[in-house]
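Colleague: What follows is a single structure, and I will ask about it in a moment.
The values are calculated or read from the model by the stated rules, or taken from the named source; none is laboratory data. Predicted model, so just to flag it, every value in this text is computed and none were measured. Using ideal geometry, Cβ is built from the backbone for each residue, glycine included, and neighbour counts are taken over all protein chains shown.
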Amino acid sequence: MTTTDPVARANPSRPDAPRRRAAEHVRPLALTALVASAIVAGLSIVWLVEPAISPFTRPAAPSLATLLLDPTAAAILSLAIGAAGIALGTVLAARRRGSRQPSIAAGAGAAALAVAFAFTFGSMSGIAITGYLFGAVAVVAGLVTIAVALVRAPRLGAALLAGLLLLVAASVWWAGLTFGGLAGFAVGVGGALAAGLPGFAVVGLGLISALVWAATAIMALRSAGTGRVAAWLVRHRRALTVLAAIGPLPYAIARASWLTPWPLFGPSGEHLEPATLATGLVIGAGGAAASLLTLGLILPWGRVFPNWMPRVGGRPVPVGLAAVPGFVAAGILCIAAVPMLLTTVGPVDAPADALLVNLVLPFWFWGPMLGLAVAAYVEWRAVDQEP
């Protein structure tokens with residue numbers, strides 16, 4: 001008898017096509033990780049020779065390595081993990097197509113390198129830049145969605161437009177949002193990115209290295225796994241997704257409160273500068289969008305594009321379209337979680353403030369939950385597509 005239940009089909013006794021597909025992704029990911037590791041190793045030699053230009057000497061955004069090690073030791077550590085990445089990347093990239101699947105030891109090694117890169121380069125700057133940029137993209141995407149829906153799904157478009165007009169009215173008439181404030185947000189973010197570009201580039205290189213090695217570890221371990229973890233993820237995917245969607249809500253709710261007479265975690269409405277208001281609302285919009293997109297992992301439009309969407313309406317959503325940005329976001333959140341905890345919990349004279357910050361910005365919870373939710377979505381789609 002054939003079963004149609006994806007949970008029932010996700011068991012170790014079935015021929016595991018997802019495992020074979022995961023093994024095929026290990027080599028290109030390892031090759032990318034090899035290149036990133038080689039760049040880090042080369043730069044580390046330069047930083048050891050010329051300490052004045054080392055990002056560990058005067059870090060704009062401290063990583064755990066810069067907090068715990070002196071600049072020379074941090075540069076040596078960077079060189080060591082770069083060299084280790086070259087070695088493991090060479091071994092994994094040299095695998096021929098169709099050869100034996102990567103071992104659990106290879107996956108564990110890749111995971112260790114991901115943690116090492118995150119320790120050496122991970123900082124709060126990565127999540128800050130991501131938050132600003134994603135918030136701006138979310139606002140633009142929301143406006144485009146409303147415009148398209150008004151044409152192709154008038155009822156939905158009218159409801160969304162009404163909500164937007166209500167939000168704009170509260171932002172402008174009550175909170176004092178202005179075009180100048182929006183321009184100030186854009187100029188401020190653009191100027192900060194331009195001024196800190198060299199430091200952000202180094203952080204970005206380390207972040208990319210950590211994420212690629214993490215992806216390599218996931219694929220290697222997935223290809224070497226038995227399927228029990230996959231079955232557990234599929235079984236609990238709804239609960240995991242709801243928990244992940246809760247992660248960005250405290251910040252989004254706090255920033256939405258700036259449009260009411262009871263603003264939370266910010267100055268009162270009459271003392272709120274328009275640029276500050278614009279910044280909070282844009283990033284808050286990004287948090288709300290992140291929560292909505294996370295719920296898409298278990299909602300129908302996370303599997304099939306809505307019919308009102310041009311060109312793609314009614315077609316299956318490519319798994320990678322949700323999985324890649326989802327895993328990247330989870331990785332960035334996890335990398336930022338430890339520096340956030342250390343920098344906020346450090347001042348022992350204000351434990352209540354530290355607790356409050358880590359509840360409003362719960363990277364320690366949001367990152368792991370999002371990673372599990374995305375992994376559950378990937379496993380569910382893979383099992384659901386099996387014959």
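Colleague: Just one of ALA61, ALA41, ALA52, ALA65 is more than 30 Å from ALA382 (Cβ to Cβ), hydrophobic (A, V, I, L, M, F, W, C) and not in a helix (DSSP H, G or I); which is it?
Modeller: ALA61
Colleague: Related question: Please go through (1) outside any loop (DSSP other than H, G, I, E, B); (2) modelled with pLDDT of 90 or more; (3) farther than 22 Å from ARG155 by Cβ for TRP301 and return the number of the only condition it doesn't satisfy.
Modeller: For TRP301, the failing item is (3).
Colleague: Looking at this structure, is ALA290 under 14 Å from GLY131 (Cβ atoms), in a helix (DSSP H, G or I) and either touching a His at 6+ places or on another chain (Cβ under 6 Å) or not basic (Lys, Arg) (or both)?
Modeller: yes
Colleague: Kindly indicate whether LEU243 is closer than 24 Å to GLY326 by Cα, within 25 Å of the chain's Cα centre (by Cα) and assigned to a loop (DSSP other than H, G, I, E, B).
Modeller: no
Colleague: Could you tell me whether any residue of the stretch 269-284 is surrounded by fewer than 16 Cβ atoms within 10 Å (Cβ to Cβ), of a type in the set (Val, Ile, Thr) and in contact (Cβ under 8 Å) with a residue 40 or more places away in the chain?
Modeller: No - not one qualifying residue is present in the stretch 269-284.
Colleague: Out of all the residues in the stretch 246-265, which are in a loop (DSSP other than H, G, I, E, B) and either crowded, with 18+ Cβ neighbours inside 10 Å or on the phi < 0 side of the Ramachandran plot (or both)?
Modeller: GLY247, PRO248, THR260, PRO261, TRP262, PRO263, LEU264
Colleague: Inside the stretch 106-136, can you point out the residues that are under 14 Å from GLY284 (Cα atoms) and over 14 Å from the mean Cα position of the chain (by Cα)?
Modeller: ALA136
Colleague: So, SER54, is that one in contact with a Leu (Cβ under 6 Å, 6 or more places away or on another chain), without any contact (Cβ under 8 Å) to a residue 60 or more places away in the chain and among the hydroxyl-bearing types (Ser, Thr, Tyr) or not?
Modeller: no
Colleague: Could you please let me know if LEU233 is hydrophobic (A, V, I, L, M, F, W, C), modelled with pLDDT of 90 or more, crowded, with 18+ Cβ neighbours inside 10 Å and more than 17 Å from the chain's Cα centre (by Cα)?
Modeller: Yes.
Colleague: Among the residues of the stretch 163-196, write down those that are outside any helix (DSSP H, G or I) and within 28 Å of the chain's Cα centre (by Cα).
Modeller: GLY196
Colleague: While we're looking at this one, here's another question. Restricting the stretch 353-387 to residues that are modelled with pLDDT under 85 and surrounded by fewer than 21 Cβ atoms within 10 Å (Cβ to Cβ), which is farthest from PHE265 (Cα to Cα)?
Modeller: Of everything passing the filter in the stretch 353-387, PRO387 is farthest from PHE265 (Cα to Cα).
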